[in-house]
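Reading through the structure tokens given below for one structure.
The values are calculated or read from the model by the stated rules, or taken from the named source; none is laboratory data. Since the structure is predicted, the reported quantities are computational estimates derived from the model, not experimental observations. Reconstructed Cβ throughout: ideal geometry from the backbone, glycine too, with neighbour counts over all protein chains shown. Side chains are part of the model used for accessible areas, which takes the heavy atoms of the whole protein and leaves out ligands, DNA and RNA. Shrake-Rupley method; radii C 1.70, N 1.55, O 1.52, S 1.80 Å.
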Amino acid sequence: MVKLPLSLLILATAVQGYTQTTRTNTRLFSVVETTSDATTDSAVAPGDRDILVRAARGEKVERTPVWLMRQAGRYMADFRKYSDVYPFRHRSETPEIACELSLQCHRAYGMDGIIMFSDILTPLPVMGIEFDVIKGTGPVISTSIRTEEDIANLSKDYNFEEKLPFIKEILNKLSEEAEQANTSLIGFVGAPFTLAAYTIEGKSSKHCLTTKKLMMAAETGDNECITQFLDHLAQMIGEYAAYQIECGAQVIQVFESWAHQLSPEKFEKYAKPAAQKAIKIIKEMHPDVPVIYFANGGSSYLELQRDMGCDMIAVDWAIDMAQARAILGPDIPISGNIDPTILFGTKEQIEQAVRDVIDKAGGPGMHLMNLGHGVMQGTPEESVGWLVDE
């Protein structure tokens, strides 16, 4: 494949994105037309700027806001113009590219939030943990974590501005873009257990066996590596999320991507306390910024997530939204949880799935709509538009 100059590639994609007709005007006009105090000379309702933020705090809002996990992804042809040419870390750590990839989906579909294109592993180098993301393989982490000595050797100097200088530039720029687009800016972090397991296993793992052996060693008192590592990660993640907020993020989502590897008992003993510590750090530093916690594969122990300390719980697609709402109770804000595979269905099926999840969550304006996992590679682009518009 011919590698285009970066400046030309970004310019061409941006021009194409801004000149295309977006599908979201109909949805936004309907809000304006049905809101008594809204102006009639704009396609954007005044409350759209912070509707996602308000929903994440648990407020009832004018309509159900929506954003999608992996909304910036390979299902978009414009995204693949970059992912087919540049390796992941080059894309996520080059501010011009990261901003462009963050904005493409919003220009096309008008979700209620822009999320920074990055990765949950991005902050690991501040601790001295090195990683790469290999196309066709996924994340590969070269730093070995097995012993208490390995934990003692990790850096505790979390100088994000010095070690991750691109984050501030990306978020500052996206903050300006979000304001101009009258929408919200979402930051995110990986939860401590997920980052610990990724690091210990060294790559994606079917059984997470090395990590689980370390848990058992901790329980016999033979090796405290896992508990020390989780505590170390919780501190770093909390501070990293706070740094994202200071750079412009208005909402933070905490991704427990490997929750499916945990029994309820192990979640409660290891993952939960570490995640609670990270969330507490965020809320103590920025009490007014909503934090969303998402445990992928954790819907089987949703009742254990009621006291995470966050503002909202996001649920995966493996549980019925009405059941999830009943388990969490009426006072815990909820996000989710459409099955991502519905986006391979018909327009009618997608629209019905949207109506169903809104109804089961309590009606329009009563939750933050999302998928129950990320947008899948191969998803038809027009299907994303149908979901967002409905």
Taking the chain and dividing mean pair separation by its residue count, relative contact order in percent (alpha carbons under 8 Å, at least six apart):
19
Set the Förster distance to 22 Å, then compute FRET efficiency between ASP320 and GLU381 from the Cβ-Cβ distance, nearest 0.05.
0.20
Calculated volume of the Cα convex hull per residue in Å³ (choose from (1) 133; (2) 534; (3) 210), label
(1)
Average accessible surface area per residue within the chain, 1.4 Å rolling probe, Å²
41
Over the stretch 346-390, one equal point on each Cα, no solvent: what is log10 I(q)/I(0) by the Debye formula at q = 0.17 Å⁻¹?
-0.49
Two decimals, Cα atoms only, Kirkwood Rh: what is Rg/Rh over the stretch 265-330?
0.97
Reduced Cα scattering model of the stretch 205-277, Debye log10 I(q)/I(0), q = 0.13, 0.17, 0.18 Å⁻¹:
-0.45, -0.71, -0.78
Among beta bridges that DSSP assigns inside the chain, antiparallel share in %, nearest 5
20
Between GLU268 and ASP339, what FRET efficiency comes out of the Förster formula 1/(1 + (r/R0)^6) with R0 = 25 Å and r the beta carbon distance, rounded to 0.05?
0.40
Taking the convex hull of the alpha-carbon atoms of the stretch 83-197 and averaging its shadow over every direction gives an area in square nanometres of 8.2
Nearest-0.05 FRET efficiency for GLN180 and GLU351, computed from C-beta distance (R0 41 Å):
0.85
Between the helical axis of 225-246 and the dominant principal axis of the chain, each derived from Cα atoms, what acute angle in degrees is found, rounded to the nearest 10?
30
Working from the alpha-carbon coordinates of the stretch 247-390, get Rg over Rh, Rh being the Kirkwood radius.
0.98
Label 7 Å along Cα→Cβ of VAL140; the stretch 196-211 residues with amide nitrogen under 18 Å?
198-206
What whole number of Å gives the distance from the Cα centroid of the stretch 143-166 to the Cα centroid of the stretch 227-304?
18
